Amino acid sequence: MTFSFYGHACFAVEVNGKKLLFDPFITGNELASAIDISSIEADYILLSHGHMDHVADAEAIAKRTGATIIASYEVATWFAGKGIEKYQPMNTGGKWTFDFGTVKCVNAIHSSTLPDGSGGGNPMGFIIINDEQNFYYAGDTALTLDMQLIPMFAEIEFAVLPIGDNFTMGMEDAVQAAKMVQTKRVIGVHYDTFGFIKIDHQKAIDLFKKNELELILPAIGETIEI
Ligand code: NI
Ligand code: MN
């Protein structure tokens with residue numbers, strides 16, 4: 001399985017030959033200025049919540065690629081109002097099976113206002129259940145005991161967790177999240193982009209190591225084999 005990091009909380013994973021793009025925020029991210037969004041392919045675009053730093057490039061990429069947007073009912077129908085024809089409106093606790101696997105929406109403790117001030121419904125995390133590797137993307141969230149439910153839904157091979165603190169979990173809480181989710185491998189996202197969320201990378205890696213966990217921090221633009 002390949003994992004491509006596009007900065008902030010934006011990444012793409014190829015699952016069963018389908019390209020899943022998560023939370024595209026690239027053109028507004030100075031750290032990702034080397035990435036040309038017209039080069040990104042997507043069959044599906046999953047949006048964890050309505051905040052600008054998760055949806056900014058979704059409309060442009062969906063319109064160019066014809067990708068299906070998967071998001072909360074409120075976020076998905078907001079994009080439908082912008083002329084996106086293929087979308088899957090979901091909500092917390094629900095699951096749906098697509099041609100690449102099943103998406104289960106789980107709780108995230110955060111907020112979810114869309115860029116124009118519209119309500120984005122519940123913020124969510126996603127479990128991607130498939131026959132290659134199941135993984136969990138937490139979205140923007142606090143550490144929450146609800147994460148203990150996740151291993152009941154699927155055995156998680158790796159988790160993509162925010163580690164930048166201030167707006168989401170920080171590295172210490174992300175360690176506890178990995179333990180609740182029962183995975184040893186974590187890819188850290190949602191750090192360094194703004195002044196509020198700058199972190200010491202080595203400190204984070206060492207903290208995970210001390211807890212017998214692996215923290216992977218791919219470079220922006222890097223594709224890794226996971
Ligand atoms: Ni957010
Ligand atoms: Mn965010």
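Of note:
- Filtering the stretch 92-129 to residues that are open to solvent by 60 Å² or more (accessible area, probe 1.4 Å) and more than 16 Å from ligand 2 (Cβ to nearest atom) leaves 95, 96, 97, 99, 116.
- Evaluation of residue 89 against the conditions (1) open to solvent by 50 Å² or more (accessible area, probe 1.4 Å); (2) within 16 Å of ligand 2 (Cβ to nearest atom) shows that the sole unmet condition is (2).
- Checked against (1) open to solvent by 20 Å² or more (accessible area, probe 1.4 Å); (2) in contact (Cβ under 8 Å) with a residue 12 or more places away in the chain, residue 194 passes all but condition (2).
- Taken as a whole, the stretch 154-172 holds at least one residue that is touching a strand residue (DSSP E or B) at 6+ places or on another chain (Cβ under 7 Å) and among the acidic types (Asp, Glu).
- The number of residues in the stretch 27-39 being within 14 Å of residue 192 (Cα to Cα) and either at pLDDT below 95 or among the aliphatic types (A, V, I, L, M) (or both) comes to 2.
- Members of the stretch 15-44 found to be over 21 Å from residue 168 (Cα atoms) and within 16 Å of ligand 2 (Cβ to nearest atom), listed by number: 27
- Count - residues of the stretch 119-138 that are under 16 Å from residue 98 (Cα atoms) and in a loop (DSSP other than H, G, I, E, B): 5
- Top-ranked residue in the stretch 139-173 [being within 16 Å of ligand 1 (Cβ to nearest atom), part of a strand (DSSP E or B) and among the small types (Gly, Ala, Ser); ranked as surrounded by the most Cβ atoms within 10 Å (Cβ to Cβ)]: 164
- Summed over the stretch 96-117, residues that are out of contact with any helix residue (DSSP H, G or I) (no Cβ under 6 Å at 6 or more places or on another chain), touching a residue at least 40 places away in the same chain (Cβ under 8 Å) and more than 14 Å from ligand 1 (Cβ to nearest atom) total 6.
- Within the stretch 1-25, restricting attention to residues that are within 16 Å of ligand 1 (Cβ to nearest atom) and open to solvent by less than 10 Å² (accessible area, probe 1.4 Å), the residue that is farthest from residue 91 (Cα to Cα) is 7.
- Enumeration of residues in the stretch 31-72 that are in contact (Cβ under 8 Å) with a residue 12 or more places away in the chain and among the charged types (D, E, K, R): 41, 43, 53, 57, 59, 63, 64
- Identity of the residue in the stretch 30-79, away from ligand 1 (no atom under 16 Å from the Cβ) and under 15 Å from residue 116 (Cβ atoms), that ends up least open to solvent (accessible area, probe 1.4 Å): 79
- Top-ranked residue in the stretch 186-213 [being among the small types (Gly, Ala, Ser) and part of a helix (DSSP H, G or I); ranked as farthest from residue 173 (Cα to Cα)]: 195
- The listed residue being more than 18 Å from residue 154 (Cβ to Cβ) and away from ligand 1 (no atom under 16 Å from the Cβ), out of 132, 85: 85
The values are calculated or read from the model by the stated rules, or taken from the named source; none is laboratory data. Remember, predicted model here, so these are calculated numbers, not experimental data. Ideal geometry is used to build each Cβ from the backbone, glycine not excepted, and the neighbour counts take in all protein chains shown. Note: accessible area is taken over every heavy atom of the protein model, side chains too, but ligands, DNA and RNA are not part of it. Shrake-Rupley method; radii C 1.70, N 1.55, O 1.52, S 1.80 Å.
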